[in-house]
1. Restricted to region 40-70, and to residues that are aliphatic (A, V, I, L, M) and part of a helix (DSSP H, G or I), which residue is modelled with the lowest pLDDT?
2. Cβ-Cβ below 6 Å, separation at least six or inter-chain, first residue in region 34-45 and under 15 Å from Ser76 (Cα atoms), second modelled with pLDDT under 95 and assigned to a loop (DSSP other than H, G, I, E, B): which pairs?
3. From the list Ile74, Ile92, Ile59, exactly one residue is of a type in the set (A, V, I, L, M) and more than 22 Å from the chain's Cα centre (by Cα). Which is it?
4. So, in region 15-39, of the ones that are of a type in the set (Val, Ile, Thr) and not in a helix (DSSP H, G or I), which residue ends up least open to solvent (accessible area, probe 1.4 Å)?
5. For the structure I just gave you, tell me whether Arg109 is surrounded by fewer than 18 Cβ atoms within 10 Å (Cβ to Cβ), on the phi < 0 side of the Ramachandran plot and in contact (Cβ under 8 Å) with a residue 60 or more places away in the chain.
6. Give just the number: which of (1) of a type in the set (S, T, N, Q); (2) open to solvent by 10 Å² or more (accessible area, probe 1.4 Å); (3) in contact with a Phe, Trp or Tyr (Cβ under 7 Å, 6 or more places away or on another chain) does Ser78 not satisfy?
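The values are calculated or read from the model by the stated rules, or taken from the named source; none is laboratory data. Predicted, not measured: the structure shown is a model, and the values here were computed from it. Because the Cβ atoms are built from the backbone with ideal geometry, glycine has one as well, and the counts that use them run over all protein chains shown. Accessible surface is based on the protein model in full, side chains and every heavy atom, while ligands, DNA and RNA are left aside. Shrake-Rupley method; radii C 1.70, N 1.55, O 1.52, S 1.80 Å.
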Amino acid sequence: MKVSLFITCYNDTLFPETGKAVVRVLERLGHTIDFPQDQTCCGQMHWNTGYHRQAVPIIRHFVSTFRDAEAVCIPSSSCVAMIREHYLKAAIASEDQTFINEVESLLPRVYEFSEFLVNKLGVTDVGATYPHRVTYHASCHSLRSLHLGDIPFKLLRQVRSIQLVDLPEIDQCCGFGGTFAIKNADVSSAMLADKTSQVLNTGAEVCTAVDNSCLMHIYGSLHRQRTYVKAAHIAEILASDGGA
């Protein structure tokens, strides 16, 4: 299959290793990778802060860029949630039937990375080895918008040498929420303290998730506390061959 990658703003700017890991996993499975150079942003930051009119050109650009993709794979549940939940709303509001038709055609071909592996490709064992104690944080968008459920666990359980430990209160938000962490810093910090406490209680060496935005928030706290716990996107674990 020819898989088109949308790597997202966070990953492209701050976590480039995630995109590279996605490529390694998919190529290991025998797929051809396409990375459209014209890709920019999904428009989530604009849309979620109320700038709907300004988000529309960004949404149109995404649709145009990936219009002919066989499948679009995205290592971010928040971006996929934006696309699934709001793109058609934006298109309908524009009263542009061509735009509406293009969005409706594209949506069934857009996948979050872990669901693409499990639901589209039918794969749970990607040949990974990761000899570390790991706990999984379920981001809000993955849990409540995409309803990924145990999909990430199906993949992680097949990783060789991993010690996967449950995260208590896994359904609780880490407190990031994009601009929420800025506009409601005190509440966000309290939520983050609860989350990092739970992570530390697992004794895990690594906290993983399907969203680097959450991992950035969680790891920031863990790092400031000078703990030993690292953060790694699930793609990085699945791409690992057990080396350092």
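1. Residues of region 40-70 that are aliphatic (A, V, I, L, M), as a first pass: 45, 55-56, 58-59, 63, 69.
Checking which are part of a helix (DSSP H, G or I) leaves us with 45, 55-56, 58-59, 63.
Details: Met45: 90, Ala55: 96, Val56: 97, Ile58: 97, Ile59: 98, Val63: 98.
Step by step, filter region 40-70, then rank; the result is Met45.
2. Matching pairs, first to second residue: none at all.
3. On the way: Ile74 fails: more than 22 Å from the chain's Cα centre (by Cα); Ile59 fails: more than 22 Å from the chain's Cα centre (by Cα).
Result of the check over Ile74, Ile92, Ile59: Ile92.
4. Of region 15-39, the ones of a type in the set (Val, Ile, Thr) are 18, 22-23, 25, 32-33.
Applying the additional criterion that residues be not in a helix (DSSP H, G or I) yields 32-33.
Details: Thr32: 82, Ile33: 44 Å².
In this case the residue turns out to be Ile33.
5. Numbers: surrounded by fewer than 18 Cβ atoms within 10 Å (Cβ to Cβ): yes; on the phi < 0 side of the Ramachandran plot: yes; in contact (Cβ under 8 Å) with a residue 60 or more places away in the chain: no.
Considered against the rule, which asks whether it is surrounded by fewer than 18 Cβ atoms within 10 Å (Cβ to Cβ), on the phi < 0 side of the Ramachandran plot and in contact (Cβ under 8 Å) with a residue 60 or more places away in the chain, Arg109 comes out as no.
6. In the conditions (1) of a type in the set (S, T, N, Q); (2) open to solvent by 10 Å² or more (accessible area, probe 1.4 Å); (3) in contact with a Phe, Trp or Tyr (Cβ under 7 Å, 6 or more places away or on another chain), Ser78 misses (3) alone.
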